[in-house]
Amino acid sequence: MSSRIISITGAVIVGLIIIALVATEWIAHTIDDRLNRVIAHEPYTVSPEAQVLHSRLHLADLHGDSLLWDRNILKRHNYGHIDVPRLIEGRHAIQNFTIVTKSPSGQNMEENTGDTDQITQLVIVNKWPVRTWGSLTERALYQADKLHRFASRSDDLMVVAFSEDVAALMTARNGSASPVGGLLGIEGSHALEGDLANLERLYAAGIRTVGLHHFFDNALGGSAHGVSKEGLTDFGKSVVQYADQLGMIIDVAHSSPASIDDVLELATRPIIDSHTGVRGQCDNQRNLYDRHAAAIGDGGGLIGIGFWDWAVCESTPAAIARGIRYAVDVAGIDHVAFGSDYDGSIKSPLDTSESVVLIDELIKQGFSDEEIEKISGGNVIAFMERNLPHRAQ
Ligand SMILES: [Zn+2]
């Protein structure tokens, strides 16, 4: 071949690579935008009373899947639900960044198997390292590392992994709306790939909330949306006990009622349900029975009320506040929080910058300022300071 042909061939290959990179970037952005919508609405009108109260609050949210997407959360976006500028605008002190590692195709509330997985395609389109393509543990570690890297590049974001970090966060905020504390959690312990030793790797990466299940039964036992509807396996029980021992926080979101019964019997520390509804307000198999909500409260735990239709049966700020009212009446004022499921492939009536509208709806529900302070963030801040492990001296 002449050198002229070689250089033309080279130029074509480089051109094709550039086109492929631009195309995958566009596809990644489009997927994120399409799956994480805010329902179109006129700007919310909020009472002056709510605005004044909101301006001195520190909010918190127990569940957001933002690390799954190809999004620089340090920049403001006009799509999706969470980024740091919008967290600051909403006055969020703590956001739990929950990590999704596997999600079946044709996902539905009733019954799914773990035979298929849509996250693999997303991982490739989002250009994650090859080690994440076939390993759920690596997908979890990669997303945790993303948060650490974002935090290292910004004064507005810090990772919260220890009790002392919560105190440092609140001192640094000193009444202002920055920095934001990012917690790390997993959504589904299939991320352990059946190996208890991987729990230590996740702990070392700063992951602190341990969701046992997602949409399908896994090695730990039955999901609310799986096939068996059974409780915890022996491996599931050993994960609960070891996570407890490490000072991690068990999250029963998506677990079957039988699995929740087993966790309540085994756990020696308070547990959470990071994103849920309550059946008394919105009756479906996604949501908590009163007896489970009451037991989580009795044990000193937290219930994060979700913002999407499966959680509160109607995607409106008023319905979210009604779910919160019901949960408070069952579990107690110190045990209810926000659990948005932002960026979790849901349609939400608001994004994190618009949280003041929820303060207004909680006022309309008859909650006092002190009660709203607890629900909107105080409960999570106090819980994390109390239940996250202490930094080794
Ligand atoms: Zn979820």
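Readers should treat all values here as calculations from the given coordinates under stated rules, not as data from a laboratory. The structure displayed is predicted, hence computed values, not measured ones. Because the Cβ atoms are built from the backbone with ideal geometry, glycine has one as well, and the counts that use them run over all protein chains shown.
Just a few scattered comments:
- Per the listing G182, G221, the residue uniquely of a type outside the set (D, E, K, R), away from the ligand (no atom under 16 Å from the Cβ), touching a residue at least 24 places away in the same chain (Cβ under 8 Å) and on the phi > 0 side of the Ramachandran plot is G221.
- Only listed residue being touching a His at 6+ places or on another chain (Cβ under 6 Å), surrounded by fewer than 24 Cβ atoms within 10 Å (Cβ to Cβ) and farther than 23 Å from A177 by Cβ, chosen from G332, G297: G297
- Flag for S189 being touching a helix residue (DSSP H, G or I) at 6+ places or on another chain (Cβ under 7 Å) and either small (G, A, S) or buried (at least 22 other Cβ atoms within 10 Å of the Cβ) (or both): yes
- Residue within segment 110-117 that is surrounded by fewer than 18 Cβ atoms within 10 Å (Cβ to Cβ) and among the small types (G, A, S) present: no
- Listing of helices (runs of 4 or more DSSP H) fully contained in segment 234-312 that carry 2 or more residues being more than 16 Å from the ligand (Cβ to nearest atom) and either touching a strand residue (DSSP E or B) at 6+ places or on another chain (Cβ under 7 Å) or more than 18 Å from G221 (Cα to Cα) (or both): 234-246, 257-266, 290-298
- Of all residues in segment 152-186 being β-branched (V, I, T) and surrounded by 24 or more Cβ atoms within 10 Å (Cβ to Cβ), the one that is nearest to the chain's Cα centre (by Cα): I186
- Residue ranges of helices (runs of 4 or more DSSP H) in segment 315-393 with at least 2 members under 17 Å from V38 (Cβ atoms), of a type in the set (S, T, Y) and in contact with an Asp or Glu (Cβ under 6 Å, 6 or more places away or on another chain): none
- Note on segment 344-386: among residues that are within 16 Å of the ligand (Cβ to nearest atom) and among the polar types (S, T, N, Q), the one that is farthest from R71 (Cα to Cα) is S348.
- Within segment 65-76, residues that are among the aromatic types (F, W, Y) sit with their Cβ atoms under 7 Å from residues that are part of a loop (DSSP other than H, G, I, E, B), at 6+ positions apart or across chains, in these pairs: W69/G80; W69/D343.
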